[in-house]
1. Out of B:45, B:35, which single residue is within 14 Å of chain A (Cβ to nearest Cβ), under 21 Å from residue B:209 (Cα atoms) and under 20 Å from the mean Cα position of the chain (by Cα)?
2. Considering each of B:35, B:90, B:18 in turn, give the residue that is over 22 Å from residue A:331 (Cα atoms), buried (at least 16 other Cβ atoms within 10 Å of the Cβ) and away from ligand 2 (no atom under 14 Å from the Cβ).
3. How do the helices (runs of 4 or more DSSP H) wholly within segment B:126-223 filter down when requiring 1 or more residues that are within 19 Å of residue B:88 (Cβ to Cβ): which remain?
4. Is it the case, given these coordinates, that residue B:116 is out of contact with any strand residue (DSSP E or B) (no Cβ under 9 Å at 6 or more places or on another chain), open to solvent by 50 Å² or more (accessible area, probe 1.4 Å) and either modelled with pLDDT of 85 or more or part of a helix (DSSP H, G or I) (or both)?
5. In segment B:107-119, how many residues are free of Cβ contacts under 8 Å to residues at least 12 places away in the same chain and more than 7 Å from chain A (Cβ to nearest Cβ)?
6. Filter the strands (runs of 3 or more DSSP E) completely within segment B:23-106 down to those with at least 3 residues that are modelled with pLDDT of 85 or more and out of contact with any Ser or Thr (no Cβ under 9 Å at 6 or more places or on another chain).
7. Test residue A:169 against the criterion of being touching a residue at least 40 places away in the same chain (Cβ under 8 Å) and in a strand (DSSP E or B), and give yes or no.
8. Restricting the first residue to segment A:406-431 and requiring it to be at positive phi and open to solvent by 20 Å² or more (accessible area, probe 1.4 Å), which pairs with a second residue that is assigned to a helix (DSSP H, G or I) and hydrophobic (A, V, I, L, M, F, W, C) meet a Cβ separation below 7 Å and a spacing of at least six or different chains?
Amino acid sequence: MRTTDIVTTAIGNSFRSRLRTTLTVLAIFIGAFTLTTTNALGTGVNEYIDTQITSIGAPDVMNVSKPTLASGADDGPAPYDPDAGSEIDTNAGPPGTTVLALSDADIDEIRGVDGITDAQPLVSVRPDFVEWQDNGRFQLSISPFSAGVTLDLAAGSGFDQSSAKFEIVLPTSYVDTLGFATETAAVGESVQIGVTDAVGEQHLIDATVVGIQNPTLVGTGASTNTALTTALFDAQRTGLPEQSTTDYTSATARFDADASDEEIQAIKDRLSDAGFAGTTVADQIGTFQSVVDGIILVLNAFAVIALIAAGFGIINTLLMSVQERTREIGLMKAMGMSGARIFALFSTEAVFIGFLGSAIGAGVAIAVGSVVSSVLAEGFLSGLAGLQILTFAPASIASVFALVMGIAFLASTLPASRAARQSPIDSLRYE
Amino acid sequence: MSSSVLTARNLSKHYGTGDARFDALRGIDLDIREGESVAIVGKSGSGKSTLMHILALLDSPSSGELEIVGQNAKALKGRALNTLRNATFGFVFQQFFLNSHATVLENVILPLKIARLGSRERKAKALETLALVELTEKASSKAMDLSGGQKQRVVIARALVGDPRIIFADEPTGNLDSATGAVIENLLFSLNRDRGITLVIVTHDDDLAARADRRIYLKDGRLVGEGDLKSQASPATTPNGATLA
Ligand SMILES: Nc1ncnc2c1ncn2[C@@H]1O[C@H](COP(=O)(O)OP(=O)(O)OP(=O)(O)O)[C@@H](O)[C@H]1O
Ligand SMILES: [Mg+2]
């Protein structure tokens, strides 16, 4: 038999006992549907996290802090070091995590680490309010990620870090609140920022809105360019004693944007030797991804278990059809059909059943998933702009097909080789 | 004088071992010449089907030598064996073995499909063969919707479609009434006469056996006599005058 004849005959045979084929296809359908959906969930969430990483962090920036010596549960408290700076609560790491304050000398030391091109203290500015044209004053928090950030902008073109002008990018939630008609209308407008200094005096600083930023996974603070940050910081520390102005929670260090993962790791190692800890944005958000990947892996495992169960269904179906067609097999062998072709005939039938199951499973998953995903994006998940919770990637759908058809083929080997080995005369004498 | 297509020497076949051992064939010597029609006759259980299956290479003998179209049966394996089965032999089994859900045409096409013929060519050939057994108008009927005699003609068309040199027929008229049986008989013998196809027919029908060139009598797995029609006084009786194209 020609290969095309094998395929058409196998397809024809699978439709001969329609109910049995339908039930087997149904079992595969469940597995394929689940697998397609869980894969889509993984792709959707990870893609979202990826865009978040690019929107939040420049790839050439890392956050450097000075951790207190690791005090594990078994260690006693660390001895007092009079030269160490004061401890500062930080929102990095588990609650209660403290870091040692960085001094200007530390910043210089970080600058000296091989591979680091520049280091700036991360100053925290706490403005009181933001206001536009007497439309009321609203609280404002400035995102600490200002340095080297690429922002996911809904409007505007973002700011120029080297510009001497005071520029600010506001989150979308400020558009209505401050009284702007649209996001685009807000761009180019001048807003007033109020900041109170150490002696209780309020300073007003004007800044130009250069962009409107989509909400992100890590907070909805505004972003300011270096000039504005410095102006706000200077205003806020007016009247402070010189000593306390040199305490920083962390520093932003820059390195070569083309650095490979190994090179970045080497920089981190050198920082760690010097008593600092460096974390890139990818590190911080990467943990999300490993959690997501872990969950998807477990879900996929369930789907694969369903598919293996379906595989036994295929074995059963094929064994029955080999049994039913014993005489037909004998006849074909008597007419000179080779065992290999008989094997191909039955395994093709199984692979076809697998194909049907995965085609229907993936098709229904895509149809249902796309609807569910866009309904969720409008409703429940609307706070996370750009998140398509189920994203169907062609490669992962192709791999579902390959996996299901592979399982079907494996399942077919037992019945098909049984059919292939049958002696023609035993099959013909079979009652 | 035509050459021998089938030569068997001291063929034996037994099933089982020890106490359960059963000798189905015991030392069969046989020569079948090209273009000959041979009837294998004997009571039920005498080993007729077993002998036919061995001669047709569907089964292997326990001992003895078999030569088919000049080739030693033991040496025939794999592809050579499959090609021989497909191109040289045509089978009519004791049961119809038709795929009842497939059409008549599809059933007849099967050997050509196995022979890897192109779909146009095989369809033309199958229709030609169906015309020969006068079933052209049933080509697209389902095999299960045919009468017994029609089914047997489909089976013969299937045996014939690959232009075989030898047709093995096991009780080709066994399931049919005598009138229908006669139609089948005429069909087979006309193929033998017109196309020179060697016929090996297993039967316990004396009338059918009488029409063959030669009869081989089997009893308990042994050859108990041969009759050569042409050397005998009484000519073949023709049960009725029905003939086929
Ligand atoms: N696979 C087998 N195992 C054991 N015995 C067998 C087997 N096949 C055939 N036999 C025995 O061999 C003997 C010959 O069987 P065979 O089918 O050749 O008979 P037959 O002459 O064709 O009979 P019938 O006219 O009824 O078809 C029978 O007694 C049968 O029981
Ligand atoms: Mg028999």
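The values are calculated or read from the model by the stated rules, or taken from the named source; none is laboratory data. Just so it is clear, the model here is predicted, and its values are computed rather than measured. Note that each Cβ is placed from the backbone with ideal geometry, even for glycine, and that neighbours are counted across all protein chains shown. Ligands, DNA and RNA are stripped out before the accessible areas are found, and what is left, the full protein with its side chains, is counted by its heavy atoms. Shrake-Rupley method; radii C 1.70, N 1.55, O 1.52, S 1.80 Å.
1. B:45
2. From the options B:35, B:90, B:18, the qualifying one is B:35.
3. B:148-160, B:178-195
4. yes
5. 3
6. B:89-92
7. When the stated conditions are applied, residue A:169 passes them.
8. Nothing qualifies.
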